[in-house]
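Here's the structure we're looking at; comments come further down.
The values are calculated or read from the model by the stated rules, or taken from the named source; none is laboratory data. Remember, it's a predicted structure, so these values are computed and weren't measured experimentally. Positions of Cβ are generated from backbone atoms using ideal geometry, with glycine treated the same way; all protein chains shown enter the neighbour counts. Heavy atoms of the whole protein, side chains included, go into the accessibility calculation; ligands, DNA and RNA do not. Shrake-Rupley method; radii C 1.70, N 1.55, O 1.52, S 1.80 Å.
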Amino acid sequence: MSRSIYLKRRSVSRVRPTGILSIVVGLTLTPLPCFAATLAASTAELQLFNFTHSPQTVETITPIFTEAISSDNGAIADANAQALAEIGNNPSETIFINSTLTEAAGEGLNYSATAEATAIGTGYDFFIPKNSTFGFNFDGLLGAIATTDGRSTEQATADSTIVIQIFSGSQPDDLSLIESLAFFGQSDRVNRRTALSVDYSDGFQVNHSNLPLVEFTGNFQRRFHQNTYITLVEAKDSTAQVGRNAANSTQVPTPSVIPALSIVALKLCRKRADTSSTK
(Lines give C-alpha, C1' and ligand atoms only; values in the text may rest on other atoms or scores of the structure.)
Protein backbone atom coordinates (compact mmCIF):
# COMPACT_ATOMS: atom_id res chain seq x y z
CA MET A 1 0.00 0.00 0.00
CA SER A 2 1.31 3.41 -0.90
CA ARG A 3 1.54 6.27 1.58
CA SER A 4 0.74 9.88 0.72
CA ILE A 5 2.03 13.15 2.10
CA TYR A 6 -0.26 16.07 1.28
CA LEU A 7 0.78 19.58 2.30
CA LYS A 8 -1.03 22.72 1.24
CA ARG A 9 -1.42 26.37 2.15
CA ARG A 10 -4.68 26.69 0.22
CA SER A 11 -6.80 23.98 -1.35
CA VAL A 12 -6.69 23.88 -5.14
CA SER A 13 -7.50 21.44 -7.89
CA ARG A 14 -4.67 20.10 -9.98
CA VAL A 15 -3.92 22.54 -12.77
CA ARG A 16 -4.79 21.22 -16.22
CA PRO A 17 -3.27 22.40 -19.51
CA THR A 18 -6.30 24.61 -20.27
CA GLY A 19 -6.44 26.09 -16.76
CA ILE A 20 -4.65 29.36 -17.40
CA LEU A 21 -6.62 30.00 -20.57
CA SER A 22 -9.86 29.53 -18.62
CA ILE A 23 -8.69 32.13 -16.11
CA VAL A 24 -8.17 34.70 -18.83
CA VAL A 25 -11.60 34.03 -20.32
CA GLY A 26 -13.34 33.93 -16.94
CA LEU A 27 -11.82 37.15 -15.65
CA THR A 28 -12.57 39.33 -18.66
CA LEU A 29 -13.01 42.92 -17.53
CA THR A 30 -15.18 45.40 -19.42
CA PRO A 31 -13.62 48.84 -18.99
CA LEU A 32 -15.80 51.91 -18.67
CA PRO A 33 -15.01 55.00 -20.80
CA CYS A 34 -11.80 56.72 -19.60
CA PHE A 35 -10.95 53.68 -17.44
CA ALA A 36 -8.46 50.89 -17.99
CA ALA A 37 -8.42 47.12 -17.55
CA THR A 38 -5.40 44.82 -17.14
CA LEU A 39 -5.04 41.11 -16.48
CA ALA A 40 -2.11 38.79 -15.74
CA ALA A 41 -2.14 35.05 -15.01
CA SER A 42 0.58 32.44 -14.67
CA THR A 43 0.90 28.77 -13.78
CA ALA A 44 3.59 26.15 -13.26
CA GLU A 45 3.11 22.43 -12.71
CA LEU A 46 5.63 19.61 -12.44
CA GLN A 47 5.08 15.88 -12.04
CA LEU A 48 7.97 13.48 -11.29
CA PHE A 49 7.35 9.74 -11.68
CA ASN A 50 8.73 6.36 -12.83
CA PHE A 51 11.74 6.50 -10.47
CA THR A 52 14.40 3.81 -10.60
CA HIS A 53 14.95 4.03 -6.82
CA SER A 54 12.73 4.79 -3.84
CA PRO A 55 13.33 8.02 -1.84
CA GLN A 56 14.26 7.91 1.82
CA THR A 57 12.66 11.24 2.86
CA VAL A 58 10.47 13.99 1.40
CA GLU A 59 9.94 17.62 2.42
CA THR A 60 7.81 20.31 0.73
CA ILE A 61 7.22 24.05 1.14
CA THR A 62 4.33 26.01 -0.43
CA PRO A 63 4.39 29.75 0.44
CA ILE A 64 1.95 32.14 -1.24
CA PHE A 65 1.76 35.93 -1.42
CA THR A 66 -0.95 38.33 -2.60
CA GLU A 67 -1.35 42.10 -2.51
CA ALA A 68 -4.04 44.29 -4.08
CA ILE A 69 -4.08 48.10 -3.70
CA SER A 70 -6.67 50.34 -5.32
CA SER A 71 -8.12 53.80 -4.84
CA ASP A 72 -11.51 52.63 -6.14
CA ASN A 73 -11.69 48.88 -5.31
CA GLY A 74 -10.53 48.02 -8.80
CA ALA A 75 -7.74 45.50 -8.08
CA ILE A 76 -7.78 41.79 -7.22
CA ALA A 77 -5.03 39.20 -6.69
CA ASP A 78 -5.09 35.48 -5.94
CA ALA A 79 -2.41 32.80 -5.57
CA ASN A 80 -2.49 29.05 -4.97
CA ALA A 81 0.19 26.44 -4.31
CA GLN A 82 -0.08 22.67 -3.90
CA ALA A 83 2.40 19.92 -3.03
CA LEU A 84 1.65 16.19 -3.17
CA ALA A 85 4.02 13.27 -2.59
CA GLU A 86 2.93 9.65 -2.94
CA ILE A 87 5.53 7.04 -2.03
CA GLY A 88 4.79 3.47 -3.06
CA ASN A 89 6.12 0.05 -2.11
CA ASN A 90 8.33 0.06 -5.21
CA PRO A 91 10.01 2.95 -7.05
CA SER A 92 7.62 2.91 -10.01
CA GLU A 93 4.71 3.79 -7.66
CA THR A 94 6.38 6.93 -6.31
CA ILE A 95 5.09 10.22 -7.68
CA PHE A 96 5.63 13.90 -6.80
CA ILE A 97 3.24 16.62 -8.02
CA ASN A 98 3.66 20.33 -7.26
CA SER A 99 1.78 23.22 -8.82
CA THR A 100 1.37 26.99 -8.56
CA LEU A 101 -1.27 29.29 -10.00
CA THR A 102 -1.55 33.10 -9.78
CA GLU A 103 -3.82 35.80 -11.15
CA ALA A 104 -4.03 39.58 -10.84
CA ALA A 105 -6.48 42.01 -12.42
CA GLY A 106 -7.19 45.71 -12.23
CA GLU A 107 -9.62 48.29 -13.53
CA GLY A 108 -9.75 52.01 -12.90
CA LEU A 109 -7.41 54.98 -12.77
CA ASN A 110 -5.11 54.03 -9.90
CA TYR A 111 -4.43 50.46 -8.74
CA SER A 112 -1.83 47.73 -8.36
CA ALA A 113 -2.09 44.00 -7.69
CA THR A 114 0.55 41.33 -7.20
CA ALA A 115 0.18 37.58 -6.69
CA GLU A 116 2.95 35.02 -6.22
CA ALA A 117 2.85 31.31 -5.41
CA THR A 118 5.83 29.04 -4.79
CA ALA A 119 6.06 25.27 -4.31
CA ILE A 120 9.43 23.77 -3.38
CA GLY A 121 10.24 20.10 -2.92
CA THR A 122 13.51 19.33 -1.14
CA GLY A 123 14.76 16.37 0.82
CA TYR A 124 13.94 13.94 -1.97
CA ASP A 125 16.85 11.81 -0.76
CA PHE A 126 18.07 8.65 -2.52
CA PHE A 127 20.88 6.13 -2.06
CA ILE A 128 22.25 4.75 -5.33
CA PRO A 129 24.47 1.62 -5.12
CA LYS A 130 27.63 1.57 -7.21
CA ASN A 131 27.31 0.72 -10.89
CA SER A 132 23.63 1.66 -10.88
CA THR A 133 21.66 4.14 -12.99
CA PHE A 134 19.39 6.67 -11.31
CA GLY A 135 16.54 8.07 -13.34
CA PHE A 136 12.97 9.33 -13.48
CA ASN A 137 10.43 10.77 -15.91
CA PHE A 138 8.70 14.12 -15.70
CA ASP A 139 6.02 16.19 -17.38
CA GLY A 140 4.22 19.43 -16.70
CA LEU A 141 3.25 22.82 -17.95
CA LEU A 142 4.27 26.45 -17.64
CA GLY A 143 2.09 29.38 -18.67
CA ALA A 144 2.21 33.16 -18.67
CA ILE A 145 -0.41 35.54 -20.08
CA ALA A 146 -0.66 39.33 -19.63
CA THR A 147 -3.08 41.71 -21.34
CA THR A 148 -3.94 45.42 -21.28
CA ASP A 149 -6.20 47.59 -23.40
CA GLY A 150 -3.22 49.54 -24.72
CA ARG A 151 -2.84 52.63 -22.55
CA SER A 152 0.73 53.66 -21.78
CA THR A 153 0.01 53.96 -18.05
CA GLU A 154 -1.11 50.33 -17.80
CA GLN A 155 1.29 47.58 -16.81
CA ALA A 156 0.84 43.81 -16.75
CA THR A 157 3.45 41.08 -16.39
CA ALA A 158 3.24 37.35 -15.76
CA ASP A 159 6.08 34.92 -15.31
CA SER A 160 6.62 31.30 -14.28
CA THR A 161 9.74 29.40 -13.30
CA ILE A 162 10.41 25.67 -12.89
CA VAL A 163 13.75 24.39 -11.59
CA ILE A 164 15.02 20.83 -11.01
CA GLN A 165 18.42 20.31 -9.36
CA ILE A 166 20.31 17.08 -8.64
CA PHE A 167 22.90 17.08 -5.83
CA SER A 168 25.17 14.10 -5.17
CA GLY A 169 28.10 12.96 -3.03
CA SER A 170 29.75 10.00 -1.35
CA GLN A 171 28.37 11.16 2.02
CA PRO A 172 24.81 12.41 2.69
CA ASP A 173 26.09 15.57 4.40
CA ASP A 174 28.55 16.53 1.65
CA LEU A 175 26.64 17.08 -1.62
CA SER A 176 27.33 19.21 -4.67
CA LEU A 177 25.21 20.22 -7.66
CA ILE A 178 25.79 17.94 -10.66
CA GLU A 179 22.72 18.36 -12.92
CA SER A 180 19.98 20.94 -13.41
CA LEU A 181 17.01 21.92 -15.55
CA ALA A 182 15.33 25.34 -15.65
CA PHE A 183 12.27 26.72 -17.46
CA PHE A 184 11.44 30.43 -17.41
CA GLY A 185 8.49 31.98 -19.23
CA GLN A 186 7.37 35.62 -19.23
CA SER A 187 4.70 37.79 -20.78
CA ASP A 188 5.51 41.48 -20.33
CA ARG A 189 3.03 43.99 -21.72
CA VAL A 190 5.12 46.93 -20.46
CA ASN A 191 7.93 46.11 -22.89
CA ARG A 192 5.71 44.17 -25.31
CA ARG A 193 7.81 41.07 -24.91
CA THR A 194 7.14 37.35 -24.58
CA ALA A 195 10.08 35.14 -23.70
CA LEU A 196 10.75 31.46 -23.00
CA SER A 197 14.09 30.17 -21.72
CA VAL A 198 14.89 26.45 -21.34
CA ASP A 199 18.28 25.34 -20.04
CA TYR A 200 19.36 21.84 -18.92
CA SER A 201 22.44 19.69 -18.39
CA ASP A 202 23.41 16.46 -20.16
CA GLY A 203 21.44 14.08 -17.92
CA PHE A 204 18.10 15.58 -18.98
CA GLN A 205 16.13 14.96 -22.17
CA VAL A 206 13.28 17.45 -22.79
CA ASN A 207 10.54 18.07 -25.35
CA HIS A 208 8.38 21.18 -25.06
CA SER A 209 5.89 23.45 -26.81
CA ASN A 210 5.90 27.27 -26.75
CA LEU A 211 4.23 30.09 -24.83
CA PRO A 212 1.66 31.20 -23.80
CA LEU A 213 1.23 27.65 -22.46
CA VAL A 214 4.29 25.41 -22.52
CA GLU A 215 3.60 21.69 -22.19
CA PHE A 216 6.70 19.56 -21.67
CA THR A 217 7.81 15.96 -21.14
CA GLY A 218 11.20 14.41 -20.50
CA ASN A 219 13.40 12.19 -18.44
CA PHE A 220 16.59 12.21 -16.39
CA GLN A 221 19.18 9.42 -16.36
CA ARG A 222 22.73 9.14 -15.01
CA ARG A 223 24.94 6.19 -14.08
CA PHE A 224 27.00 6.20 -10.87
CA HIS A 225 30.10 4.04 -10.53
CA GLN A 226 30.41 4.44 -6.73
CA ASN A 227 27.93 4.33 -3.89
CA THR A 228 26.23 7.73 -4.13
CA TYR A 229 23.80 9.79 -2.06
CA ILE A 230 21.45 11.99 -4.07
CA THR A 231 19.13 14.83 -3.11
CA LEU A 232 16.64 16.02 -5.71
CA VAL A 233 15.36 19.60 -5.32
CA GLU A 234 12.54 20.98 -7.44
CA ALA A 235 10.86 24.37 -7.28
CA LYS A 236 8.14 26.31 -9.04
CA ASP A 237 7.21 29.97 -8.85
CA SER A 238 4.36 31.83 -10.57
CA THR A 239 3.91 35.61 -10.45
CA ALA A 240 1.20 37.89 -11.83
CA GLN A 241 1.37 41.69 -11.55
CA VAL A 242 -0.80 44.53 -12.86
CA GLY A 243 -0.89 48.26 -12.18
CA ARG A 244 -1.93 51.68 -13.39
CA ASN A 245 -1.22 55.17 -12.18
CA ALA A 246 -3.12 57.79 -14.15
CA ALA A 247 -0.74 60.58 -13.06
CA ASN A 248 2.49 58.82 -13.96
CA SER A 249 3.48 55.36 -15.08
CA THR A 250 5.22 53.65 -12.15
CA GLN A 251 6.61 50.16 -11.94
CA VAL A 252 4.38 47.43 -10.55
CA PRO A 253 5.59 46.40 -7.05
CA THR A 254 7.80 43.34 -6.98
CA PRO A 255 6.79 40.43 -4.70
CA SER A 256 9.29 39.53 -2.03
CA VAL A 257 8.60 35.89 -1.20
CA ILE A 258 11.05 33.92 -3.38
CA PRO A 259 13.32 36.15 -5.50
CA ALA A 260 15.58 33.37 -6.81
CA LEU A 261 14.32 29.79 -6.73
CA SER A 262 17.60 28.06 -7.49
CA ILE A 263 19.43 29.93 -4.73
CA VAL A 264 16.71 29.17 -2.20
CA ALA A 265 16.64 25.51 -3.16
CA LEU A 266 20.42 25.26 -2.77
CA LYS A 267 20.27 26.89 0.68
CA LEU A 268 17.52 24.49 1.75
CA CYS A 269 19.60 21.53 0.67
CA ARG A 270 22.67 22.79 2.52
CA LYS A 271 20.61 23.55 5.62
CA ARG A 272 19.35 19.96 5.69
CA ALA A 273 22.90 18.68 5.32
CA ASP A 274 24.13 20.90 8.18
CA THR A 275 21.28 19.72 10.40
CA SER A 276 22.01 16.06 9.64
CA SER A 277 25.70 16.45 10.45
CA THR A 278 24.92 17.78 13.94
CA LYS A 279 22.72 14.84 14.93
Across (1) within 25 Å of His53 (Cα to Cα); (2) modelled with pLDDT under 90; (3) surrounded by fewer than 20 Cβ atoms within 10 Å (Cβ to Cβ), Arg272 clears everything bar (3)
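Only one residue in Phe127, Phe134, Phe138 is open to solvent by 20 Å² or more (accessible area, probe 1.4 Å) and within 25 Å of Gly218 (Cβ to Cβ). Which one?
Every option except Phe127 fails the conditions.
To keep it simple, each residue is scored yes or no on (1) within 30 Å of Gly106 (Cβ to Cβ); (2) within 19 Å of the chain's Cα centre (by Cα); (3) surrounded by fewer than 21 Cβ atoms within 10 Å (Cβ to Cβ); (4) of a type in the set (A, V, I, L, M, F, W, C).
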{"position": "Pro172", "(1), (2), (3), (4)": "no, no, yes, no"}
{"position": "Asp188", "(1), (2), (3), (4)": "yes, yes, yes, no"}
{"position": "Tyr200", "(1), (2), (3), (4)": "no, yes, yes, no"}
{"position": "Asn210", "(1), (2), (3), (4)": "yes, yes, yes, no"}
{"position": "Arg222", "(1), (2), (3), (4)": "no, no, yes, no"}
{"position": "Asn227", "(1), (2), (3), (4)": "no, no, yes, no"}
{"position": "Leu232", "(1), (2), (3), (4)": "no, yes, no, yes"}
{"position": "Lys236", "(1), (2), (3), (4)": "yes, yes, no, no"}
{"position": "Gln241", "(1), (2), (3), (4)": "yes, yes, no, no"}
Just one listed residue, out of Gln155, Gln205, is assigned to a strand (DSSP E or B) and modelled with pLDDT under 95, and it is Gln155
In the set Glu67, Glu93, the lone residue that is among the acidic types (Asp, Glu) and modelled with pLDDT under 80 is Glu67
Of (1) modelled with pLDDT under 50; (2) open to solvent by less than 70 Å² (accessible area, probe 1.4 Å), Thr60 satisfies every one except (1)
Those residues of region 141-152 that are in a strand (DSSP E or B) and open to solvent by 30 Å² or more (accessible area, probe 1.4 Å) come to a total of 2
